[in-house]
Amino acid sequence: MGLITGLLTFPIAPVRGVIWVAEKLNEAAERELHDPGVLRAQLAVLNQELEDGDISLEEFEREEERLLDRLHAAQVGSVPNDRR
């Protein structure tokens, strides 16, 4: 990058920094969202909530199906359509 280009684009440098940070946060969230270990932990918490009576059986089954779909997709390497 030349001196003139650097001077002209300097005012937007903070914006580029914010965009970079946002991209890194998004990547980390995506990794965690599809991490089989995290999904298994969420299933364990869900089971505990059912046993404690915090959620109904219908809620449990709906959430369990969603988590199992994500877990299966993570294991085969695709991203499920999680827009329910």
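So here's what we get for this one:
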item: Members of the stretch 1-46 that are closer than 26 Å to residue 69 by Cβ and out of contact with any helix residue (DSSP H, G or I) (no Cβ under 8 Å at 6 or more places or on another chain); result: 25, 26, 27, 28, 29, 30, 31, 37, 41, 44, 45
item: Residue list for the stretch 1-46, restricted to those being assigned to a helix (DSSP H, G or I) and acidic (Asp, Glu); result: 23, 27, 30, 32
item: Counted residues, the stretch 28-58 - those being under 14 Å from the mean Cα position of the chain (by Cα) and open to solvent by less than 90 Å² (accessible area, probe 1.4 Å); result: 11
item: Residue among 66, 62, 70 that is touching a residue at least 24 places away in the same chain (Cβ under 8 Å) and part of a helix (DSSP H, G or I); result: 70
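The values are calculated or read from the model by the stated rules, or taken from the named source; none is laboratory data. Please read these numbers as outputs of a predicted model, since none were measured by experiment. Every residue, glycine as well, gets a Cβ built from its backbone with ideal geometry; the counts of neighbours run over all protein chains shown. Just so you know, the surface numbers come from the protein's heavy atoms only, side chains and all, with ligands and any DNA or RNA stripped out. Shrake-Rupley method; radii C 1.70, N 1.55, O 1.52, S 1.80 Å.
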